[in-house]
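To keep things clear, I will list the structure first and then write my remarks on it.
The values are calculated or read from the model by the stated rules, or taken from the named source; none is laboratory data. Nothing here was measured: the structure is a model prediction, and the numbers come from that model. Every residue, glycine as well, gets a Cβ built from its backbone with ideal geometry; the counts of neighbours run over all protein chains shown. Side chains included, ligands, DNA and RNA excluded: accessible areas come from the protein's heavy atoms. Shrake-Rupley method; radii C 1.70, N 1.55, O 1.52, S 1.80 Å.
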Amino acid sequence: MENRILIIGDELFGEHGEAAVRCSEMLLCVRPNRPMQFSLNAPCLTSMGQLMARASSDIIGKRAGRTVFGLGYGEMLIARGDGRQVAETYGKLVDEILNKTVSEIHLITVPRDLLPAVPDQVDVLNESIRGFAGMSADRIHVDDFDAHVEVFKKKQLERGKFARSLFSDDAKPTSLYLTLLSLFMQDCILKVLK
């Protein structure tokens, strides 16, 4: 179904999937006359391996025209920050969806500040995610939220003492982070909607 948008994400989208919900609502507000259906699986409480095992019902069976993945953060916590291991599993999942659907795929990179103990491993994961675009340049859109966050932080520093943080002291997403991510996802989807 060309007008169905499937959004699947772990805690990258917030503890309760707030960014996914906000994004879907913003898309409807911006394009109220466009036929759109949403299927939200955020927060996705299963591992990427389990998600791949259930892909036929949870992803492929949804017959979405567009699938947005915000995965990797939760998996990095489970894998104790092993970016290569997470990227390998993620790559298999993306390949499975490419081979068994006609869906366009959006992949959201993970901000380094969500995992301050292993920023180098987040870089490894994000570079792999960026590389997934090579699997199918016409169907995969890498939406670089990590780079977007860095630009936002630099602009906030210009504000000085009035700057607001995207992350709490314990590296959890703030409401500002969730709003920024929602707007970013909405913009990325609107750029490629036909």
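At 15 angstrom or more along the helix axis (alpha-carbon based) and mean Kyte-Doolittle of 0.5 or higher, what helices does the chain contain? Whole DSSP H runs only.
Flagged H segments are 18-30, 175-192.
How many lysine pairs in the chain, separated by 8 or more positions in sequence or lying on different chains, have Cα atoms less than 29 Å apart?
Eligible lysine pairs with Cα atoms under 29 Å apart amount to 19.
How much length is gained on full extension from ALA55 to ARG31, taking 0.36 nm per residue of separation minus their Cα-Cα distance?
Gain on stretching ALA55 to ARG31: 5.7 nm.
Which GluC sites (Glu not before Pro) does the stretch 92-168 hold that lie in a coil by DSSP with at most 14 other beta carbons within 10 Å?
Those that pass, being in a loop and sparsely packed, are GLU158.
Roughly how many Å is it from the Cα centre of the stretch 124-160 to that of the stretch 86-122, as a whole number?
Cα centres, the stretch 124-160 to the stretch 86-122: 12 Å.
Anyone know which of ILE105, ILE59, ILE78 comes out most mobile in the 10 Å Cα GNM of the chain?
ILE78
Residue-wise, which Karplus ³J(HN,Hα) couplings in Hz belong to the stretch 69-78, taking 6.51 cos²θ - 1.76 cosθ + 1.60, θ = phi - 60°, and x for glycine or proline?
These are the phi-based 3J(HN,Hα) values: 10, x, 10, x, 4, x, 5, 5, 5, 5 Hz.
How about the stretch 86-135: which trypsin sites (Lys or Arg not before Pro) there are in a DSSP loop, with at most 11 other Cβ atoms within 10 Å of their Cβ?
none
Kindly state, to the nearest 0.05, the FRET efficiency for LEU98 paired with GLU150, given R0 = 25 Å and r defined as their beta-carbon distance.
It comes out at approximately 0.30.
Taking amide H positions as placed 1.01 Å from N in the peptide plane, with prolines and chain starts having none, which residues 5 or more places from VAL68, or on another chain, fall under 5 Å of its amide H?
Those lying under 5 Å, H to H, from VAL68 are LEU6, ILE7, ILE8, HIS106.
Over the chain, with every protein chain in place, what whole percent of the accessible area is carbon and sulfur at 1.4 Å, could you tell me?
Reported share for carbon and sulfur atoms: 51 percent.
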